[in-house]
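Here, each number is a calculation from the coordinates, and none is a lab measurement. Treat the numbers as computed from the prediction; the structure is a model and nothing was measured. Glycine gets a Cβ as well: all are built from the backbone with ideal geometry, and neighbour counts include every protein chain shown.
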Amino acid sequence: MTAVERYGALRVEGTRLLGEHGEQVRLYGVSTHGLAWRSDVVCREAFEALRDEWHINTVRLALYTHEYHGYCTDGDKEELKALVFKGIDLAVELGLYVIVDWHVLGEFSPLIYADEAVKFFDELSSRYAGCPNLLYEICNEPNGTSDWGEIREYATRVIPVIRRNAPDSVVIVGTPEWSQRCDLAAADPLGFKNLLYAFHFYAATHFDNLRQRLRRSIEAGLPMFISECSITEASGHGDLDFVSARAWFALLDEYHLGYICWSFSASPEESGVIKCGCSKLSGWTDDDLKRTGHWFKHRFLSEEEQQGK
């Protein structure tokens with residue numbers, strides 16, 4: 001039985017993500033790197049292997065909006081959109097949940113390309129209106145001077161467009177400072193149902209002060225989702241911090257929080273789980289994986305035990 005067969009359409013109640021029969025659901029899996037230059041992994045072979053060999057239940061499609069041939073700058077819109085549709089269709093075929101990530105980063109504020117976001121999410125939610133697999137992540141990592149007021153303004157423009165087509169869908173909303181100021185959202189949450197708020201961490205850079213911020217926000221009633229994380233430094237490079245990683249995942253386990261690993265790629269970054277030069281799309285051996293790949297694969301394979309199954 002696939003994850004979607006088991007849980008069906010998702011909804012948010014309080015701080016919990018629930019399946020259609022009321023059971024609590026934990027989503028976990030991997031994010032692609034930027035689709036514009038890491039498109040090869042969006043294929044049936046890779047998604048099926050991740051489901052069957054790594055036991056993930058979710059994939060995240062990272063659509064950069066600004067840099068690296070971004071969707072709103074010098075990228076090929078139709079080609080990128082077709083790749084997003086391909087990833088969703090594969091996830092549906094394989095019974096995986098899929099997050100479409102409007103990857104705000106280099107532009108700092110989600111308002112910069114708000115008009116483009118409205119058009120994109122209108123088309124996406126119209127095309128997949130009745131799809132229980134799909135979650136909409138409307139702004140990855142607002143940063144720089146972008147504050148919660150700007151994100152609120154943006155969200156109140158984009159979410160109604162999605163709701164018009166897919167009224168019961170789950171939407172993930174980023175928070176300021178690279179999706180780490182969840183406390184600002186907790187103090188002034190949006191007035192929509194079925195929302196999750198994004199929180200990102202990199203275990204070798206982020207420590208107990210951010211763990212406590214996440215805990216306080218959950219205790220204040222904010223429903224959270226870790227839409228990006230790794231056990232590296234925030235740059236994606238550097239050494240790994242296994243002690244901090246254990247502390248982070250103990251907190252995630254305590255609150256049954258879903259999480260997405262950055263990233264399913266053979267990028268030069270230590271956070272890319274596949275070794276550079278490995279072109280395999282399935283059947284990865286231990287020699288094909290970086291240390292991050294070993295760690296997250298083991299973590300995914302232990303999820304049934306973590307959840308007491």
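Taking all Cα-Cα distances within segment 159-270, those exceeding 22 Å account for 35%. Cross-link reach is defined here as a Cα-Cα straight distance under 17 Å, omitting same-chain residues fewer than 8 places apart; for residue 77 the aspartates and glutamates meeting it are 67, 101, 115, 116, 122, 123. Counting Lys and Arg as +1 and Asp and Glu as -1 over every other residue whose Cβ lies under 11 Å from the Cβ of residue 284, the net charge comes to 0. In the structure shown, do any of 81/119; 86/275; 86/290 have a Cα-Cα gap over 20 Å, and if so which? Among 81/119; 86/275; 86/290, the Cα-Cα distance tops 20 Å for 86/275; 86/290. Determine the calculated [θ] at 222 nm for the chain from helices alone, applying -39500 (n - 2.57) to every DSSP H run no shorter than 4 residues and normalising by the residue count; nearest 500 deg cm²/dmol. The helix contribution divided over the chain gives -11000 deg cm²/dmol. Stokes-Einstein diffusion of segment 1-56 at 37 °C, 0.692 mPa s viscosity, Kirkwood radius from Cα pairs, rounded to a whole number: 250 µm²/s. Panel values: segment 1-113, Kirkwood radius from alpha carbon pairs, Stokes-Einstein at 37 °C and 0.692 mPa s, translational diffusion coefficient 218 µm²/s.
When the inverse distances between all different Cα atoms of segment 213-287 are averaged and flipped, the Kirkwood radius reads 14.1 angstrom. Directionally averaged projected area (segment 92-148, Cα convex hull): 4.5 nm². Where in segment 229-251 does the label zone of residue 207 land, with the point 7 angstrom along Cα→C-beta and an amide N cut-off under 17 Å? Correct set: 231-235, 239-249.
Which of the GluC sites (Glu not before Pro) across segment 155-248 are loop residues per DSSP, with 13 or fewer other Cβ within 10 Å? Qualifying residues, ordered by number: none.
Pairs of Cα atoms nearer than 8 Å and 6+ residues apart set the relative contact order; for the chain it is 18 percent. Computed from the alpha carbon atoms alone, the convex hull of the chain holds 118 Å³ per residue.
Summing +1 for each Lys or Arg and -1 for each Asp or Glu, what net charge is found among the other residues whose Cβ lies under 11 Å from the Cβ of residue 176? Residues close to residue 176 contribute a combined charge of -3. Sequentially through segment 92-107, phi angles give Karplus couplings (6.51, -1.76, 1.60; θ = phi - 60°) of 4, 4, 9, x, 9, 7, 9, 10, 8, 9, 7, 7, 5, 7, x, 8 Hz, Gly and Pro residues having no value and appearing as x. Karplus-derived 3J(HN,Hα) values for segment 71-88, using 6.51 cos²θ - 1.76 cosθ + 1.60 with θ = phi - 60°, are 4, 9, 10, 10, x, 7, 4, 5, 5, 5, 5, 4, 5, 4, 4, 4, x, 5 Hz; glycine and proline are entered as x. For segment 168-183 and segment 217-241, what is the separation of their C-alpha centers, rounded to whole Å? One Cα centre to the other: 12 Å.
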